[in-house]
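Written below as structure tokens is the structure these notes are about.
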Amino acid sequence: MKSAVALAIVAAMALFAFAFRGVLFPAPVAKDAPVLNRVARHSLSGMWLNKEAATPRIYGVMVDNHLNAWPQSGLDQAMLVIEAPVEARVPRMLAFFSEEQDVKKIGPVRSARPYYLDWNAEFDAVYAHVGGSPAALEFLQVDDTIDINEFSNEWFFWRENGTRTGTFWRAPPAGKTMPSPPWSNATRIAW
């Protein structure tokens with residue numbers, strides 16, 4: 001019985017020493033090593049910042065992910081991308097960028113949906129889109145989200161007419177013409 005109690009005490013001490021090894025046995029610090037004063041985290045990347053910084057403005061941009069929309073632009077520079085299907089299981093993405101980034105081209109930009117607005121609100125982000133479902137547009141009228149809709153803020157976007165090589169192209173319905181989809185960039189959105 002005494003040996004079991006002694007073994008339990010030794011095990012408890014070993015676990016305590018292991019759990020608090022950084023406090024009990026601190027790692028040696030080189031004299032030339034810079035001291036990092038980690039006081040804040042970046043709101044999108046989670047990276048530690050060495051100084052207290054103002055929270056950078058975040059931008060959420062709706063991007064098409066239909067096969068005919070490929071190749072998209074700017075997604076490789078997004079800090080976070082959320083993909084979800086919209087009607088008819090066609091996928092769209094909400095790409096988040098920081099005002100600190102200089103992204104030359106983002107798109108093709110697509111329309112708003114309510115569930116993307118919920119994700120956008122988690123970052124209190126500016127929301128860039130082109131039109132939207134009736135429910136999403138109604139929500140944007142009563143919500144405090146900063147809304148950049150191409151239909152009312154066209155200077156934030158541009159359209160490119162091109163072929164399948166280099167820009168988004170989609171075939172118009174029979175007998176109709178269709179403009180190319182809108183694009184934007186970090187400079188235009190960050191005004």
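Taken together, the values in this text are just the output of simple stated rules run on the coordinates, not laboratory data. In this text the structure is predicted, and so the values were computed from the model without any measurement. Reconstructed Cβ throughout: ideal geometry from the backbone, glycine too, with neighbour counts over all protein chains shown.
In nm, what is the difference between 0.36 nm times the number of residues separating residue 27 and residue 5 and their Cα-Cα distance? Intermediate values should be presented prior to the final figure.
Numbers: separation 22, 0.36 × 22 = 7.92 nm, distance 3.26 nm.
Using 0.36 nm per residue and subtracting the Cα-Cα distance, I get 4.7 nm.
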5 Å is the cut-off here: which amide hydrogens, built 1.01 Å from N in the peptide plane, fall below it relative to residue 80, excluding neighbours closer than 5 in sequence? 96
Could you pull out every residue, at least 5 positions away or on a different chain, whose amide H is within less than 5 Å of the one on residue 49? Hs are placed 1.01 Å off N in the peptide plane, and Pro or chain starts have none. 39, 40, 41, 42
The stretch 69-155: D in µm²/s via Stokes-Einstein (Kirkwood Rh, Cα pairs, 37 °C, 0.692 mPa s)? 243 µm²/s
Built amide H within the under 5 Å cut-off of residue 132, gap 5+: 112
Once both labels are modelled 7 Å past Cα along the beta-carbon direction, what's the residue 122-residue 76 spacing in nm? 2.6 nm
Between residue 87 and residue 154, what is the label-point separation in nm under the 7 Å Cα-to-beta-carbon projection? 2.4 nm
